[in-house]
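K.L.:
Have a look at this one.
Values in this text are rule-based calculations from the coordinates and carry no lab data. Quick caveat: nothing in here was measured; it's all calculated off a predicted structure. All Cβ positions, even for glycine, are placed from backbone atoms using ideal geometry, and neighbour counts span all protein chains on display.
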Number of protein chains: 4
Amino acid sequence: MVIHTVGFVGLGIMGGPMAANLVKAGFDVVGYNRSRGKVERLVEAGGRGAARPSEAARDRDVVISMLPDSPDVEEFALGDGGALALARPGSLYIDMSTVRPATAVALAESGRARGVGVLDAPVSGGERGAIEGTLSIMVGGDPEDVATARPVLEAMGGTVVHVGAAGAGQTVKAANQLLTAVTVEAVAEAVVFLEAHGVDPTVAIGALAGGLAGSAVLDRRAPSMVQRDFTPGFRCALHHKDLGILTSAARDVGVAIPLGTVAAQLMGALVAQGHGDLDNTALLRLAEELSGRGH
Amino acid sequence: MVIHTVGFVGLGIMGGPMAANLVKAGFDVVGYNRSRGKVERLVEAGGRGAARPSEAARDRDVVISMLPDSPDVEEFALGDGGALALARPGSLYIDMSTVRPATAVALAESGRARGVGVLDAPVSGGERGAIEGTLSIMVGGDPEDVATARPVLEAMGGTVVHVGAAGAGQTVKAANQLLTAVTVEAVAEAVVFLEAHGVDPTVAIGALAGGLAGSAVLDRRAPSMVQRDFTPGFRCALHHKDLGILTSAARDVGVAIPLGTVAAQLMGALVAQGHGDLDNTALLRLAEELSGRGH
Amino acid sequence: MVIHTVGFVGLGIMGGPMAANLVKAGFDVVGYNRSRGKVERLVEAGGRGAARPSEAARDRDVVISMLPDSPDVEEFALGDGGALALARPGSLYIDMSTVRPATAVALAESGRARGVGVLDAPVSGGERGAIEGTLSIMVGGDPEDVATARPVLEAMGGTVVHVGAAGAGQTVKAANQLLTAVTVEAVAEAVVFLEAHGVDPTVAIGALAGGLAGSAVLDRRAPSMVQRDFTPGFRCALHHKDLGILTSAARDVGVAIPLGTVAAQLMGALVAQGHGDLDNTALLRLAEELSGRGH
Amino acid sequence: MVIHTVGFVGLGIMGGPMAANLVKAGFDVVGYNRSRGKVERLVEAGGRGAARPSEAARDRDVVISMLPDSPDVEEFALGDGGALALARPGSLYIDMSTVRPATAVALAESGRARGVGVLDAPVSGGERGAIEGTLSIMVGGDPEDVATARPVLEAMGGTVVHVGAAGAGQTVKAANQLLTAVTVEAVAEAVVFLEAHGVDPTVAIGALAGGLAGSAVLDRRAPSMVQRDFTPGFRCALHHKDLGILTSAARDVGVAIPLGTVAAQLMGALVAQGHGDLDNTALLRLAEELSGRGH
């Protein structure tokens, strides 16, 4: 299948620039978003607007969703009037939202019953990656469907990795959020520990970065953490949502994630304290608070 | 001061090759170890043997200790017959063991009272780094003493970083052990989570490694973890000891380290289960056991 | 309203004897269960059997459900053919299952729209309490509905406490499961700690029971724990399910429950290890395993 | 041995009234404290004052210490001029401080070498118990020594339980502090959880108290917790110290205490935040803070 028309539902901070990149790559993009302003921006970029989700979804070569959470995706895709029911047999549905692996599996099963190929293709790389088209995309689904979808995915991402069968993309994304949250919190604990002992954390990080203690968080985020600059980046509220997916997905398969759970509790506390709009590195704030320091 | 003679106490797995590298670099090394075989090996390498710790310590340009734990170092260095009492004023004492920051500070204070410069200079990089002279050395102490000691330290290490005043080397080492333990455990949790969902962890790690979830542990240790190869490397028993230093040093300054504490509990459990001689990546074993998987 | 006919859906280990106690108290009980054998047992006890859930639910004075989990209750009660749609205006629906507080609130809202009073009335006290009619019942809902339902509830329970508005019964039940799980785990940790130090835990528990360390778990469960008798009682699998409700209900309101979360992880590990049918005091097994002891 | 003269070192909040109770019971008490005012108060109560610890310790039938921490006790009792060296063979030394089990064992070994019976006899029951002579005393040591000491101990305590050999008293005390801290924190989490769901915690506690969720903390402390009355009682700073003993004693024997460790971290955080002088039930403050509630 050669892909011409792409229906795109969810034109928010991430979805908007992703859809615009599809337009730039020459696809005929028909986009829908609840707030009309986002749709207009897509039209200005050269796409077309849809008045309803069903209009974006019906009879396209590919339908893409980029929605906040599992229930939004289920509402959009499943059921009698859902995207999978409206899709042309032989077409593709790609959910790029971050949702539960079990939701991705359910979408794939529903698609299979209707002859629609389904991929779960969540992303990492943040707003900047969406704008620049350099997202990392973790794809789960059948190899032929991944091959068909590749031109579309590569128009949005710098790295497209097929990580396994249906749900695998979401599983890998959940693992990504586990590792990221835990590493950020570990760096936060280390920074507070170092400062409380009177050690300059910047000097210490320089000494630590090259060894087995090193991490992308230490390299790329520790400097702003030391400065207490918590401009997002990746907001706590979103990371909190994703850690909810992680903990329930771990529970689904009976896997203990002691560190993941603690990190999820701390991220939840930050959000409960009203810091959902700070960068997830604001875990450092909480680490300081728990040590009677800072602020 | 130009350094000629170096007393070296503690010629074990790490200390033996470190002392041999000093010999190779042209220093006159007088070494002591409880087991005579280790002393003989130093003599074969071109060093001299001492019959007692005091003989190694008395009247040297530099005295170095590489001992198992804080009490060993305190017994060697402090007190009336200790290394600091035997040291020549103007000489240097460098403790390269991993001990409590508070012990390092006590050594420095005792040295100051006797006119002896004291450095805490713990290392990372393991047995291989000790043999190849490529250790990372984190140094705490006065800048002039660090400058004086640099030729000696550079004969043993590939990276020598002066991270702050007395105790700072040990503080940074403790932070290193925090970050390493937490990252290993996070990767272990991620691997079990991925496998339980039927995702090939090697493929997933490939997708994760380049992003913010990336770490030295993911790059360098995850492959052997996936293979369940727990050949040390860095043994659980030693990491457990170091995490004891971390948790008490955190307590000393009132810093909460929720992830560090959980990682310390898990490492302690591995050791209690009799796995002290496995590599610290064996945290994966425990993660599997807590999920009813593996073995 | 004087209550004559009670529809009862879910005649399992708990529901079966509860329904039988209603029969004994003189109510006309029409019961349904998926497995016919349970229905027959109710008939032998003097009740009537229903062939379908709708038959038990339609047009009764009171409908009671005692089902495994939130989705079961939602399926039974909500929707066009659900119990609330079939209920006579002015009648009562009492869900005695342990489900999410949010589910209880949704049931109450749906009932309100149809003129049906809804109570959430989960129980504690286990199989024995169900048989002996001595359950503790925590009731959420409107005071008049609680007053109306009291004769029915008191036929099944020794203690009936109205703890607040709709959902409050489930909230208190979740708090009950939090406190119970944490106390069991704390006693497990204490027993292993005492034994590892060579102290007879029975003697120690005698010394501890009267003070601020005392608890119902210490009084009633520690003796069998010390004997490693994990005959249920309250099975791990059920407590695990309830702790899932707890953690998601805590997340719903942004409340951090660090101990509750750890206890939930440990209970989940026990279940993943295949011990779901042991009593929840089997947390002691896991505590021993994590200390390299026992078995 | 019939006991006449008792040396008593450490006449603080606990030790002062304990020594006074000994005077009341007819013993000849010779007391020492660093601050003279405390000694004078003992003299007013009918005791005698000592100018130095050694004066209180030398040649008494029984010597009792009630000191802040392990190093204080070691300094007082061990070494050439210490209480055990000054004690008459055949006399008793009773340490009633809360210290590490390992310290108690070391005292007992040192006493044995000198023919002095040694008991570890830490207490619970707080300042009020000390004044009223109703402390719970957990005693470790040889049965004959416990029998000999009983009249002295019963002058201070309402319950005197011989829990095992040397160190057992301290071990049981550590278990007591584990159970107490965990139960307080669990009740704190439950209260915040209930309130966040709009449930009146007082009503809920009434419903929970009689079941398996019940505890002495729920009965005796929850009411003041709900009122946010954190008047000590048992101060966080002391509980924090005792939890340090617990965690190191658990580490000494390789026992994992996941809940104990989390509770210790939280208590440490409270102290680090400057709340060391509040009652340990102030864990509720922290639970609220982590949920963005309260204050």
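K.L.:
At 7 Å along the Cα-to-beta-carbon direction for both D:Arg52 and C:Asp229, put a label point, then send me their distance in nm to one decimal.
P.N.:
5.9 nm
K.L.:
Could I ask something else about it? How high is the relative contact order of segment D:115-214, in percent, with contacts defined as C-alpha pairs under 8 Å that are six or more residues apart? Walk me through the intermediate numbers first.
P.N.:
Numbers: 123 pairs, mean separation 23.5, N = 100.
This gives 24 percent for segment D:115-214.
K.L.:
Under 11 Å from the Cβ of D:Gly141, count the other residues' Cβ atoms, weight Lys and Arg +1, Asp and Glu -1, and hand me the total.
P.N.:
Numbers: positive: D:Arg112; negative: D:Asp95, D:Asp120, D:Asp142, D:Glu144, D:Asp145.
Local charge sum for D:Gly141: -4.
K.L.:
I need the calculated FRET efficiency for the pair C:Ala25 and D:Asp277, taking r as the beta carbon distance and R₀ as 45 Å, to the nearest 0.05. Intermediate values should be presented prior to the final figure.
P.N.:
Values: r = 55 Å, r/R0 = 1.23.
Computed FRET efficiency for C:Ala25 and D:Asp277 comes out at 0.25.
K.L.:
Here is a follow-up. Other chains near A:165-174: what is the mean number of their Cβ atoms within 10 Å of each residue's Cβ? Each step should come with its number before you reach the end.
P.N.:
Numbers: counts 3, 0, 3, 8, 3, 2, 9, 13, 4, 4.
Taking the mean over all residues of the peptide, I get 5.
K.L.:
Anything over 18 Å Cα to Cα? Flag those among C:Lys173/C:Lys241; B:Lys38/B:Lys241; C:Lys24/C:Lys173; C:Lys38/C:Lys173, in the order listed. Mind showing how you got there, number by number?
P.N.:
Details: C:Lys173/C:Lys241 13 Å; B:Lys38/B:Lys241 23 Å; C:Lys24/C:Lys173 27 Å; C:Lys38/C:Lys173 26 Å.
Too far apart for the 18 Å limit: B:Lys38/B:Lys241; C:Lys24/C:Lys173; C:Lys38/C:Lys173.
K.L.:
Over segment D:1-158, what per residue volume does the convex hull of the Cα atoms give, in whole Å³?
P.N.:
Details: hull volume 14.3 nm³, N = 158.
That works out to 90 Å³ per residue.
K.L.:
Something else: Is segment D:79-132 rounded, prolate or oblate when judged by the Cα gyration tensor, a ≥ b ≥ c being the square roots of its eigenvalues, rounded requiring a/c under 1.5 and prolate requiring a/b larger than b/c? Write out the running numbers ahead of the final one.
P.N.:
Working: a/c = 2.66, a/b = 1.92, b/c = 1.38.
Note, shape of segment D:79-132 comes out prolate.
K.L.:
Okay, moving on. Once a ≥ b ≥ c are taken as the square roots of the eigenvalues of the Cα gyration tensor of segment A:25-104, is the result rounded (a/c under 1.5), prolate (a/b larger than b/c) or oblate (a/b not larger than b/c)? Let's see the in-between values first.
P.N.:
Details: a/c = 1.73, a/b = 1.37, b/c = 1.26.
Prolate shape, in that a/c is at least 1.5 and a/b is the bigger ratio.
K.L.:
Same structure again: Across segment D:77-190, what fraction of all alpha-carbon pairs, as a whole percent, falls in each successive 5 Å bin from zero upward?
P.N.:
So the P(r) values, bin by bin, are 2, 13, 21, 21, 18, 12, 7, 3, 2, 1, 0.
K.L.:
Search the structure for amide H atoms under 5 Å from the amide H of C:Arg48, placed 1.01 Å from N in the peptide plane, and list their residues when 5 or more places away or on another chain.
P.N.:
C:Val29, C:Val30, C:Gly31
K.L.:
Sort A:Thr281, A:Thr134 so the one with the fewest other Cβ atoms within 10 Å of its own Cβ comes first.
P.N.:
Numbers: A:Thr281 26, A:Thr134 15.
Lowest count first: A:Thr134, A:Thr281.
K.L.:
Please list 3J(HN,Hα) in residue order for segment D:54-60, calculated via the Karplus relation 6.51 cos²θ - 1.76 cosθ + 1.60 where θ = phi - 60°; whole Hz, with x for glycine and proline.
P.N.:
Values, residue by residue: 4, 5, 5, 8, 6, 6, 9 Hz.
K.L.:
Quick one: if you take sqrt(5λ) for each eigenvalue of the C-alpha gyration tensor of chain D, what semi-axes come out, biggest first, whole angstrom?
P.N.:
On the way: eigenvalues 278, 76, 57 Å².
Its equivalent ellipsoid spans semi-axes of 37, 19, 17 Å.
K.L.:
Further question on the same structure: Using a ≥ b ≥ c from the Cα gyration tensor of segment B:2-60 (square roots of the eigenvalues), is it rounded, prolate or oblate, where a/c under 1.5 gives rounded and otherwise the larger of a/b and b/c decides, a/b for prolate? Each step should come with its number before you reach the end.
P.N.:
Numbers: a/c = 1.74, a/b = 1.11, b/c = 1.56.
Oblate is the answer for segment B:2-60, as a/c is 1.5 or above yet b/c matches or exceeds a/b.
K.L.:
Over chain C, calculate the relative contact order: mean separation of alpha carbon pairs under 8 Å at least 6 apart, over the residue count, as a percent. All intermediate terms of the calculation are to be shown ahead of the outcome.
P.N.:
On the way: 550 pairs, mean separation 38.7, N = 295.
Averaging sequence separation for qualifying contacts and normalising by length gives 13 percent for chain C.
K.L.:
I'd like the mean, over residues of A:263-272, of how many other protein chain beta carbons sit within 10 Å of each residue's own Cβ. Kindly include the intermediate steps, with their values, before the conclusion.
P.N.:
Working: counts 5, 4, 13, 5, 0, 10, 8, 3, 2, 12.
Counting other chains' Cβ atoms within 10 Å and averaging over A:263-272 gives 6.
K.L.:
Moving to a separate point now. Run the helix sum for the protein assembly as shown: -39,500 (n - 2.57) per DSSP H stretch of 4+ residues, divided by residue count, reported at 222 nm to the nearest 500 deg cm²/dmol.
P.N.:
Values: 60 runs with 620 residues, N = 1180.
Value at 222 nm, helices only: -15500 deg cm²/dmol.
K.L.:
Counting Lys +1, Arg +1, Asp -1, Glu -1, what net charge surrounds B:Val116 among other residues with beta carbon under 10 Å of its beta carbon? Spell out each step's value before the answer.
P.N.:
Details: positive: B:Arg88, B:Arg112, B:Arg114; negative: B:Asp145.
After counting each charged neighbour, the total is +2.
K.L.:
Quick one: length gained pulling A:Ile13 to A:Arg36 fully straight, 0.36 nm per residue minus the C-alpha distance? Provide the component values of the computation, followed by the final result.
P.N.:
Working: separation 23, 0.36 × 23 = 8.28 nm, distance 1.41 nm.
That works out to 6.9 nm of additional length.
K.L.:
Okay, moving on. Counting Lys +1, Arg +1, Asp -1, Glu -1, what net charge surrounds A:Ala45 among other residues with beta carbon under 14 Å of its beta carbon?
P.N.:
+1
K.L.:
Could I ask something else about it? Taking every residue in A:245-253, how many Cβ atoms of other protein chains lie within 10 Å of its Cβ, on average? Provide the component values of the computation, followed by the final result.
P.N.:
Values: counts 0, 3, 7, 4, 3, 8, 9, 2, 9.
If you average over the peptide's residues, the count of other-chain Cβ atoms is 5.
K.L.:
If you don't mind, there's one more thing I want to ask. Regarding segment D:217-295, what are the three Cα extents along the principal axes, ordered largest first, in Å?
P.N.:
Result for segment D:217-295: principal-axis Cα extents of 40, 26, 23 Å.
K.L.:
Let me check the size of the protein assembly as shown from its C-alpha atoms; what are the radius of gyration and Dmax in Å?
P.N.:
33.2, 102
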